[in-house]
Each structure stands twice: as C-alpha cells, then as structure tokens.
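Worksheet for the structure shown next.
The values are calculated or read from the model by the stated rules, or taken from the named source; none is laboratory data. All values reported here derive from a predicted model rather than from experimental measurement. Cβ sites come from the backbone with ideal geometry, for glycine too, and all protein chains shown count toward neighbours.
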Amino acid sequence: MVADGARLDVEVTGRITASCRLAGGGDIDFGELTGGQQVDAEFALACNVPFDISFQSQSGGLAHVSKPRGEGPFAGLLGYTLSVAIPTLSPHAATLGGTFASQNLMAKKTLSSGDGIAQGGGRIQIRTDRLEGAGLLAGEYSEVLNITLTPRV
C-alpha cells in the first residue's frame with residue numbers, strides 16, 4: 001500500500017545488440033572482354049548502427065592470369081571503374097556513394113555512413129575501360145574485389 005503523496009519509480013531497461021551483415025558476392029563473368037562493358041550487382045547489407053564499408057582490388061584491374069604485364073604490344077590488364085550506391089537513413093533517406101578507378105583501389109578505399117544506418121542493401125556497378133593500342137593479350141583474366149563492412153558503435 002502506497003500512502004498519499006508517495007512516489008514509486010519503476011526502471012525499465014533493455015538493449016538492442018549492434019549488428020552488421022553483408023551478403024552477396026560470387027562471380028561476375030564479362031564473357032569476351034571487349035572494353036566498355038558494364039555489369040550491375042546488388043548485395044545485401046543490414047546494419048543497425050553507423051558503418052564503414054571498404055573496397056580493395058587485388059590486381060588493380062582484370063589481370064591476365066599468367067601474364068598480367070601483357071606481352072609485346074598486347075596489354076595484360078584491363079582497368080575498370082567501380083561505382084557504389086548504398087541507401088541509408090539518418091533519420092532522412094540518403095545515398096552513400098563513391099566512384100573509384102580500379103588502379104586506385106590497390107589501396108583500400110573506405111566510405112563512411114556518417115550517422116546513417118543501412119536501409120537494406122546496396123549496388124555496385126563495374127564498367128571496364130575502353131581498349132587501347134593493340135588490345136588485350138588472349139587468355140583468361142580475373143580480379144578479386146574485397147568488400148569489408150565495419151560497424152561503428
């Protein structure tokens with residue numbers, strides 16, 4: 001029983017654990033490399049806290065698997081431009097974005113969401129450079145693009 005004028009305080013607490021997830025990836029196949037080709041790919045991104053997302057190229061472009069420096073007049077590396085778009089909320093909708101040349105991605109490039117959180121996913125676009133000179137050396141080409149998601153709590 002509480003007397004008149006007495007006060008009773010009840011403290012209610014809870015928490016939400018910070019969570020960031022990145023999914024997607026896989027292989028992108030340009031087929032015959034003719035230069036000036038474009039591919040778009042979506043990836044899943046769920047983050048309930050602000051985040052940084054980094055991009056790093058293993059080769060600086062699509063590299064010939066055995067002769068990345070090319071041979072004779074033929075190049076062994078085809079550069080590309082990476083464009084990134086990630087919808088965020090902060091509390092208003094915005095788009096986190098950036099555009100990077102593949103050779104500049106040899107050093108990791110990071111985009112920060114500021115105070116924003118992810119709104120459900122993102123999109124990358126890869127556009128290969130135009131071929132110059134004699135063109136590319138015949139053979140298989142590959143590249144690994146590392147995407148790293150880091151929550152900021």
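Identify all residues within the range 111-136 that are of a type in the set (Ser, Thr, Tyr) and crowded, with 16+ Cβ neighbours inside 10 Å; write none if there are none. Before the answer, list the steps.
First pass over the range 111-136, keeping only residues of a type in the set (Ser, Thr, Tyr): 112-113, 128.
Passing the criteria: SER113, THR128.
Out of all the residues in the range 71-90, which are farther than 13 Å from LEU131 by Cα and among the small types (Gly, Ala, Ser)? Please lay out each step first, then the result.
The initial filter retains those residues of the range 71-90 that are farther than 13 Å from LEU131 by Cα, namely 71-72, 81-90.
Selection gives GLY72, SER83, ALA85, SER90.
Yes/no per residue for (1) touching a helix residue (DSSP H, G or I) at 6+ places or on another chain (Cβ under 8 Å); (2) touching a residue at least 60 places away in the same chain (Cβ under 8 Å); (3) acidic (Asp, Glu):
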position: GLY60; (1), (2), (3): yes, no, no
position: PRO68; (1), (2), (3): no, no, no
position: ALA75; (1), (2), (3): no, yes, no
position: THR81; (1), (2), (3): yes, no, no
position: ILE117; (1), (2), (3): no, yes, no
position: THR128; (1), (2), (3): no, yes, no
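Quick grid of which residues meet (1) among the hydrophobic types (A, V, I, L, M, F, W, C); (2) without any contact (Cβ under 8 Å) to a residue 60 or more places away in the chain; (3) touching a Gly at 6+ places or on another chain (Cβ under 7 Å); (4) more than 22 Å from ALA107 (Cα to Cα):
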{"position": "ALA18", "(1), (2), (3), (4)": "yes, no, no, yes"}
{"position": "ASP52", "(1), (2), (3), (4)": "no, no, no, no"}
{"position": "ALA63", "(1), (2), (3), (4)": "yes, no, yes, no"}
{"position": "THR88", "(1), (2), (3), (4)": "no, yes, yes, yes"}
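Could you give me the residue pairs with C-beta distances under 9 Å whose first residue belongs to the range 135-151 and is within 25 Å of ALA118 (Cβ to Cβ), whose second residue is basic (Lys, Arg) and modelled with pLDDT under 95 wherever it lies, and which are 6+ apart or on separate chains?
Short answer, once both residue conditions are applied: LEU149/ARG21.
Within the range 1-120, considering only strands (runs of 3 or more DSSP E) that don't extend past its boundaries, which have at least 1 residues that are at pLDDT 95 or above and within 17 Å of TYR141 (Cα to Cα)? Talk me through it step by step, then tell me what you get.
Details: elements: 20-23, 38-47, 51-57, 62-64, 80-89, 93-101, 109-112.
It comes to 38-47, 51-57, 62-64, 80-89.
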